[in-house]
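J.: Sending over a structure as structure tokens; questions will come in a sec.
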Amino acid sequence: MKKNRMKKNLNSKVKVFLMLMAVLIAICLGVSPISYSQEATPSAESEQPTAKTPERPTINFNNSFYSQYIWRGYELSHNSFVMFPTVTVTYKGFSLNWWGDIDTDYAGEPEGVQCWEQDYLAWYSNSWKKLNYTIGYIHYNTKNHAHWDTQEMWVSLGLNTLLSPTFSVWYDIEDSGSWYYNLAVSHSIPISKERVCWKNDLSLDLGGSVAYYWQDDWTKVKVNYSAWHDGHIWAGLKIPLTDVCSITPKIEYSFPLSHKANDNIKAASFDGNDSQFVYGGLILDYNF
């Protein structure tokens, strides 16, 4: 009986996933079953910027369909399908963003399908010669109020050179005073459309990072911890569907960088025994 119920739940999740993918890809290809013109101003969709028209804000919609939610090496979902919808509005370097985590069968409390986390972000990005920089703010709003509700400021500095090295620092400004330092590299390998018989050029995107975590939070989780924390490597194949829409199948691997981090990440996992995670999914990206 239990086996049949689990099978039924799995089939339902697969059906929801396929339905959402069909609708979203249809929207990207311009054959949506709903009337998009009723949801947006026609001029915002059709009018292209010219020398005589002012620069307008850009809007990005992104939805990731993933096998697991891993954040800074920590397991935040277990044996469930997750979705990460996000909307970003950008104008002259300033960006506002909403990010969500929809877990189809959350393993903690409360259980079941739920929007477990909603984050609100604001940042400013610019560049000077080969240096690019970002200054930002993020508010984490989750259902696990005893642990993850907090606010951070962050700064990122990157170089427009080989491997695009980027160093980022996050600081918790609410109560824990924790610091998270991350050094990341990435590289994109273009794949011409002639080689793959596709209407647009593709790209193989590769990246990796290492991070150091320092936590001194006695107000919420009673933690005093500092260590080389998590490593992360990933690969994705970006497939443009149109000029404004793409899909990216992606695979990722997260692992601890030290024995201390291994014990810390294991203790925070759902079964107390996991510190390395291989996960991935499909990312849909749409700009208008």
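J.: Before we move on, is Ala267 free of Cβ contacts under 8 Å to residues at least 12 places away in the same chain and within 23 Å of Gly177 (Cα to Cα)?
T.: Numbers: free of Cβ contacts under 8 Å to residues at least 12 places away in the same chain: yes; within 23 Å of Gly177 (Cα to Cα): yes.
Considered against the rule, which asks whether it is free of Cβ contacts under 8 Å to residues at least 12 places away in the same chain and within 23 Å of Gly177 (Cα to Cα), Ala267 comes out as yes.
J.: Just one of (1) over 30 Å from Leu241 (Cβ atoms); (2) touching a strand residue (DSSP E or B) at 6+ places or on another chain (Cβ under 8 Å); (3) without any contact (Cβ under 8 Å) to a residue 40 or more places away in the chain; (4) among the acidic types (Asp, Glu) trips up Asp103, so point out which.
T.: Result: Asp103 fails condition (1) only.
J.: Taking Tyr180 and the conditions (1) touching a residue at least 40 places away in the same chain (Cβ under 8 Å); (2) over 19 Å from the mean Cα position of the chain (by Cα); (3) assigned by TED's automatic domain parsing to the domain that holds Tyr213, which numbered condition does it fall short on, given that it satisfies the others?
T.: (2)
J.: Just checking, does region 64-82 include any residue being loosely packed, with under 14 Cβ neighbours inside 10 Å, modelled with pLDDT under 95, more than 23 Å from Tyr137 (Cβ to Cβ) and not assigned by TED's automatic domain parsing to the domain that holds His139? Step through it out loud before you land on a result.
T.: Going residue by residue through region 64-82, those that are loosely packed, with under 14 Cβ neighbours inside 10 Å are 79.
Filter once more, so that each one left must be modelled with pLDDT under 95: 79.
The next check asks that each one be more than 23 Å from Tyr137 (Cβ to Cβ); those that pass are 79.
Cutting the leftovers down to not assigned by TED's automatic domain parsing to the domain that holds His139 gives us 79.
Yes, region 64-82 contains a residue that is loosely packed, with under 14 Cβ neighbours inside 10 Å, modelled with pLDDT under 95, more than 23 Å from Tyr137 (Cβ to Cβ) and not assigned by TED's automatic domain parsing to the domain that holds His139.
J.: Answer with yes or no whether Lys266 is surrounded by 16 or more Cβ atoms within 10 Å (Cβ to Cβ), modelled with pLDDT of 95 or more and not in a strand (DSSP E or B).
T.: Values: surrounded by 16 or more Cβ atoms within 10 Å (Cβ to Cβ): yes; modelled with pLDDT of 95 or more: yes; not in a strand (DSSP E or B): yes.
Considered against the rule, which asks whether it is surrounded by 16 or more Cβ atoms within 10 Å (Cβ to Cβ), modelled with pLDDT of 95 or more and not in a strand (DSSP E or B), Lys266 comes out as yes.
J.: In addition: What is the one condition in (1) in the same structural domain as Ala268 (by TED's automatic domain parsing); (2) part of a strand (DSSP E or B); (3) crowded, with 17+ Cβ neighbours inside 10 Å that Thr88 does not satisfy?
T.: Result: Thr88 passes all but (1).
J.: For the subset of region 215-262 comprising residues that are modelled with pLDDT of 95 or more and of a type in the set (Lys, Arg), which member is farthest from Leu76 (Cα to Cα)?
T.: Lys238
J.: When region 269-287 is examined, which residues are found to be in a loop (DSSP other than H, G, I, E, B) and under 19 Å from Ser188 (Cβ atoms)? First the steps, then the outcome.
T.: Applying the first criterion (in a loop (DSSP other than H, G, I, E, B)) to region 269-287 yields 269-276.
Across region 269-287, there are no qualifying residues.
J.: Another question, then. Check every one of the strands (runs of 3 or more DSSP E) wholly within region 141-259 and list those with 3 or more residues that are of a type in the set (S, T, N, Q) and surrounded by fewer than 17 Cβ atoms within 10 Å (Cβ to Cβ). Give the steps one after another, and end with the answer.
T.: Details: elements: 150-159, 166-172, 179-191, 202-217, 223-240, 245-256.
In region 141-259, there are no strands (runs of 3 or more DSSP E) which contain 3 or more residues that are of a type in the set (S, T, N, Q) and surrounded by fewer than 17 Cβ atoms within 10 Å (Cβ to Cβ).
The values are calculated or read from the model by the stated rules, or taken from the named source; none is laboratory data. Only a predicted model underlies this, so the values are computations on that prediction, with no experimental measurement involved. Every residue, glycine as well, gets a Cβ built from its backbone with ideal geometry; the counts of neighbours run over all protein chains shown.
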